[in-house]
Amino acid sequence: MSHHALAALASALLLAVAGRAEAQGRPLRLQGLQPLNFGDVLAGVPFHALRTDPARSGQFELRGAKDVDLMLQFALPDAMSGPGGATLRLRFDAGDAGYSPTESITAQQPVDPRSPFTVRLPTNGKARLFLGGTVEPTPDQRGGDYTATVTLTVAYLGV
Amino acid sequence: MRKFFLLALAALAVPAVASAQSASGSIQARARVLGAITVSPVTTLDFGDFLSAGATKTVAPTDATSGEFAVAGDPGAQLLLTFDFPATLDNGLNQITLGANTWNVNVGATRAGSASLIANGADGANANSFLSAGGSLGVFVGGEATAAAGLPAGVYTGTVGLTAAYTGL
């Protein structure tokens, strides 16, 4: 095989592979839309923010190729940080996350945010994730503002 | 030849890059813990001496002898203040009558600078008020007492109760 023929073969391989990657979809995009906002809570009184609460639920927007399977995983903190180094216990349970291929808060498929899970993007390549959770302030919890960061990671499956 | 072989290997490596395609996003989790509320008695509501039978004495919230509570909690938070007013001051079985709808309450940092919260209130009266930016509130209570004729001399006492709760604002 001549050098030119080998070069053509290599180029063909590159083009073929590049074409396959393109077919697998446009880039994945994940954007945090709304914080998980527990609002005002009382010392000693646990509070559960529902994933179906429009004002309190955390929300992510997901965009990618249509009709593809994705794997998602939350990185969930177990406490929030507050004034003077105080911490506020944070808990997530099995039904605290929801996936909506229609992006509607009223049409969620419950998922367990504590473990990786798979979803399929709809034909328009857009979906939304919702997150609830529970704060557990102690009776002597220090007053003030508490925050933590929740991260969601998504990857194409089977490419 | 070797160069093209490497090119081919590079091409085969592309799917691995594609399969690693991923994205991540973050949101904040937020909460505001309201500090515990404390209600502390500061001064007694003192009607003073009754020198004549049938006398009625009134103490205004701004008077030096008004009762005072110190309330503390989350800075700027709104509280619901609910009062438990006694009907009488007692000394054994003897009683001085307290006016049922004569309770007046002011709130503020000081007696002199306080503003009316409840006027002519009855037992169970309640109203909302805000803690200061420093998380404190002075509550000043006045009322009216009438000593009937024939009461024996002595000290007559009762208890004014105050309950404070966050309203969520």
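Numbers for the structure displayed
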quantity: Cα coordinate range in segment A:80-124, projected on the principal axes (Å, largest first); calculated: 48, 19, 16
quantity: Rounded tilt (10° steps) of B:2-19 against the dominant C-alpha axis of chain B; calculated: 30
quantity: When the protein assembly as shown is reduced to its Cα atoms, the Kirkwood hydrodynamic radius in Å; calculated: 25.3
quantity: Segment B:26-66 - percent of accessible surface contributed by carbon and sulfur, probe 1.4 Å; calculated: 51
quantity: Positions from segment B:26-51 whose accessible area shrinks by 30 Å² or more when the full protein complex is built, not the chain alone, probe 1.4 Å; calculated: B:S26, B:I27, B:Q28, B:A29, B:R30, B:A31, B:R32, B:V33, B:L34
quantity: Positive-end residue, the protein assembly as shown charge dipole about Cα centroid, Cβ charges, pick of B:A36, B:V71, A:G64; calculated: A:G64
quantity: Cα gyration tensor of segment A:22-159 - equivalent ellipsoid semi-axes, whole Å, descending; calculated: 32, 14, 12
quantity: Simple spin-label estimate for A:N124 and A:E103 in nanometres, 7 Å along Cα-Cβ; calculated: 0.5
quantity: Cβ-Cβ FRET estimate between A:T134 and A:K66, R0 fixed at 25 Å, reported to 0.05; calculated: 0.10
quantity: Interface A:B - total buried accessible surface [probe 1.4 Å, Å², rounded to 100]; calculated: 3200
quantity: Threshold 20 Å², segment A:30-55 residues less accessible with all protein chains present than alone (1.4 Å probe); calculated: A:L30, A:G32, A:P35, A:L36, A:N37, A:G39, A:D40, A:V41, A:L42, A:A43
quantity: Portion, in percent, of the accessible area of segment B:129-169 that falls on carbon or sulfur, probe 1.4 Å; calculated: 61
quantity: Solvent-accessible area per residue, Å², over the protein assembly as shown with all protein chains present [probe radius 1.4 Å]; calculated: 50
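The values are calculated or read from the model by the stated rules, or taken from the named source; none is laboratory data. Just so we're clear, the structure is a prediction, and the values are computed from it rather than from any experiment. Glycine gets a Cβ as well: all are built from the backbone with ideal geometry, and neighbour counts include every protein chain shown. All accessible areas refer to the heavy atoms of the entire protein, side chains included, with ligands and DNA or RNA removed. Shrake-Rupley method; radii C 1.70, N 1.55, O 1.52, S 1.80 Å.
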